[in-house]
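Chemist: The structure is given below, and queries will be raised subsequently.
The values are calculated or read from the model by the stated rules, or taken from the named source; none is laboratory data. Because the structure is a prediction, the values reported are computed rather than measured. Here Cβ is always computed from backbone atoms with ideal geometry, including for glycine, and neighbour counts include all displayed protein chains. The accessibility values were calculated without ligands, DNA or RNA, using every heavy atom of the protein model including side chains. Shrake-Rupley method; radii C 1.70, N 1.55, O 1.52, S 1.80 Å.
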Amino acid sequence: MDLHFLGAATTVTGSQFLLETGQARILVDCGMFQGGPSEAVRNRIPLSFDPAALDAILLTHAHLDHCGLIPHVVREGFHGPIRATAGTIELARLVLLDSGRLQEEFAKREDRWERRHPDRAQAEDAKEYAALEAAIELAEAGEDGTASAEGVHVPTSIEPVGRPADGGPGRRDHEADLRAAGAELQPDLDAPLYTERDAVESLRGFRPVRYGQEEEVAPGIHATFLDAGHILGSAIIRLRVQDLPGGPERILVFSGDLGRTGTPIIADPTTLSDADYVLCESTYGGREHEPSGEARRILTETVRLVAEHRGVLLVPSFAIGRTQEIVWELDRLVSAGEIPALPLYLDSPMAAKASDIYRRHAEYFDVETRALLESGDTPLDYPYQVVVNDMAQSTAIAKARRPYMIVASNGMLTGGRVVGHLRNLIDDPAATILFVGYQGEGTLGRHLQDGAKTVRLDGQVRDVRCRIVSISGFSAHADEPGLLAWLAGFTRGRHAGDPGFPRRVFLVHGDPGPQAELAPKVAALGFDVHVPRWHEAVTLD
Ligand SMILES: [Zn+2]
């Protein structure tokens, strides 16, 4: 059987793995590439498989970088079932409809701009097609094994330093437009990759699975979804695969995004003990989160300082998972009298809807959250929260009486309403930007986190005068010790060659730096470790 690494290979987005056996073909995840334009253009390369010939798609969880290309693949001819937990299905519905809508909006905006600037539009189109060509070449190089390790990751190109904007006033800053408009957008072609209607169509194929119940999802492929502890409904997928009828069986484990032990609201990730092949995420390779007590202490101190200085706390946060957990933490802190009762503006319609879905699925909660709910507490709500519904309300926050807090999407400042707040707060010394999630390489969030003194926003160089604080202890991802502990579950005192001891561990879903740090430590556990290139295919014996 063959495994193709069609996404999340030496990068943290675009998760997609194609498994081809002698009797079936399935995809595990079908995610969108996000981040800068050079990542997003990868969504546009032609599919390297016939979607009509796919038996099923298995989905680990509802984040866009895991499910975002499903409507595209359905539109291209996939008619089979999409298997996911009930929680994932509800959240994916929210994510995909929003994505289809955003792409249509962006296409319209792009079209209007091109009509007004036909000359420049031509140059932009040429640039975008060149980027697409480069991505296609990169994929082909991955397929035939000629890609170099450095060539695989296409870095994004947001300038973090005080380089002057190229071009005079009024010049369209394509990249800033993309950032302001949303990470899900396509820079290369004018038509939306898919529409809201396509997203609605694709929802018909979703079929729920339960944690822990093995089901045959395609001929010779039995799948078990196990709680990954990452976001509501998230799963590790264990496959029992027979390449040919009557042939030997192999166990493949896809970690999906692995959560952090002790994370609020949801349960801890499931530990597994046997596999032939493991695909393990590696987002936080080489990094250790501060202990949760320390993370809470930094959060407490940050909120207190903001209150003291009558400032603003801006928390860029992914709508699903991170937002619910940060609200949970703030609710705990204010209930305990640890932080002053500042107003909290929840400026993400998607986060508000995701919170409703969380509330409806208490069966996924951990013991602590269930106990709070049973005692009449409302741990998913902060008592002084204001849910912001429309753009007018979002804009009006800037006039609110300080101090206050804002939680807004998206988490890496690559788009969404958070960018509007950033414009107001970037050079305000009384403002604090608090990062609580992973900042991908090349994103504006990463540049700020790395201490950039100036950034380009809307094509202008702006000084960074606000305070920047990062807490990784609230991450939705396991840190390096967490990843290694999860992988150690597969050893159990056994050695290479013993039954159940993985023949190979593939590191996926990580930027090259973290992967390079993690790989030798995974090898030290006794595993044969491999970091696949984008579009690399491996044969599994
Ligand atoms: Zn995720």
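Chemist: Please give the number of the condition Ala53 fails out of (1) touching a His at 6+ places or on another chain (Cβ under 7 Å); (2) open to solvent by 10 Å² or more (accessible area, probe 1.4 Å).
Modeler: Every listed condition holds for Ala53 apart from (1).
Residue-by-condition table, conditions (1) on the phi > 0 side of the Ramachandran plot; (2) of a type in the set (Ser, Thr, Tyr):
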| position | (1), (2) |
| --- | --- |
| Val334 | no, no |
| Tyr345 | no, yes |
| Ser348 | no, yes |
| Lys353 | no, no |
| Tyr358 | no, yes |
| Tyr364 | no, yes |
| Glu368 | no, no |
| Gly376 | yes, no |
| Pro379 | no, no |
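Chemist: Please determine, by comparing only the residues of the stretch 347-381 that are farther than 18 Å from Gln393 by Cβ, under 21 Å from the mean Cα position of the chain (by Cα) and among the hydroxyl-bearing types (Ser, Thr, Tyr), which one is least open to solvent (accessible area, probe 1.4 Å).
Modeler: So the residue we want is Tyr358.
Chemist: If you scan the stretch 199-214, which residues turn out to be out of contact with any strand residue (DSSP E or B) (no Cβ under 6 Å at 6 or more places or on another chain) and open to solvent by 80 Å² or more (accessible area, probe 1.4 Å)?
Modeler: Selection gives Glu201, Arg204, Pro208, Arg210, Gln213.
Chemist: So, in the stretch 243-279, of the ones that are more than 22 Å from Leu6 (Cβ to Cβ) and of a type in the set (Asp, Glu), which residue ends up farthest from the ligand (Cβ to nearest atom)?
Modeler: The qualifying residue farthest from the ligand (Cβ to nearest atom) is Glu249.
Chemist: Still on this model: What number goes with the only condition from (1) more than 24 Å from the chain's Cα centre (by Cα); (2) surrounded by 14 or more Cβ atoms within 10 Å (Cβ to Cβ); (3) farther than 26 Å from Leu313 by Cα that Ile397 does not pass?
Modeler: Every condition holds for Ile397 apart from (3).
Chemist: Right, another one. May I ask you to say which residue of Gly513, Gly493, Gly442, Gly489 is away from the ligand (no atom under 16 Å from the Cβ), on the phi > 0 side of the Ramachandran plot and surrounded by fewer than 22 Cβ atoms within 10 Å (Cβ to Cβ)?
Modeler: Of Gly513, Gly493, Gly442, Gly489, the one residue that is away from the ligand (no atom under 16 Å from the Cβ), on the phi > 0 side of the Ramachandran plot and surrounded by fewer than 22 Cβ atoms within 10 Å (Cβ to Cβ) is Gly493.
Chemist: Which ones in the stretch 338-387 are in a helix (DSSP H, G or I), of a type in the set (Ser, Thr, Tyr) and free of Cβ contacts under 8 Å to residues at least 60 places away in the same chain?
Modeler: Scanning the stretch 338-387 gives a single hit, Ser355.
Chemist: Okay, next question. Tell me the residue from Thr432, Thr454, Thr369 that is β-branched (Val, Ile, Thr) and within 30 Å of Ala86 (Cβ to Cβ), please. Spell out the reasoning first.
Modeler: Working: Thr432 fails: within 30 Å of Ala86 (Cβ to Cβ); Thr454 fails: within 30 Å of Ala86 (Cβ to Cβ).
Of the residues listed, the single one that is β-branched (Val, Ile, Thr) and within 30 Å of Ala86 (Cβ to Cβ) is Thr369.
Chemist: Another question, if that's okay. From (1) within 16 Å of the ligand (Cβ to nearest atom); (2) open to solvent by 10 Å² or more (accessible area, probe 1.4 Å), pick out the condition that doesn't hold for Ala235.
Modeler: (2) is the only condition that Ala235 fails.
Chemist: Hey, can you tell me all the residues within the stretch 463-486 that are β-branched (Val, Ile, Thr), assigned to a loop (DSSP other than H, G, I, E, B) and open to solvent by 20 Å² or more (accessible area, probe 1.4 Å)?
Modeler: Hit for the stretch 463-486 is Val464, nothing else.
Chemist: Can you pull out the strands (runs of 3 or more DSSP E) entirely within the stretch 1-84 that have at least 3 residues that are under 28 Å from Asp541 (Cβ atoms) and within 16 Å of the ligand (Cβ to nearest atom)?
Modeler: Passing ranges, in order: 25-30.
Chemist: A further question on this structure: Restricting attention to strands (runs of 3 or more DSSP E) lying wholly within the stretch 247-321, give those where 1 or more residues are in contact (Cβ under 8 Å) with a residue 40 or more places away in the chain and more than 30 Å from Ala519 (Cα to Cα).
Modeler: Result: 312-316.
Chemist: Quick check, is Leu330 at pLDDT 90 or above, under 17 Å from Asp381 (Cα atoms) and either surrounded by fewer than 18 Cβ atoms within 10 Å (Cβ to Cβ) or hydrophobic (A, V, I, L, M, F, W, C) (or both)?
Modeler: It is true that Leu330 is at pLDDT 90 or above, under 17 Å from Asp381 (Cα atoms) and either surrounded by fewer than 18 Cβ atoms within 10 Å (Cβ to Cβ) or hydrophobic (A, V, I, L, M, F, W, C) (or both).
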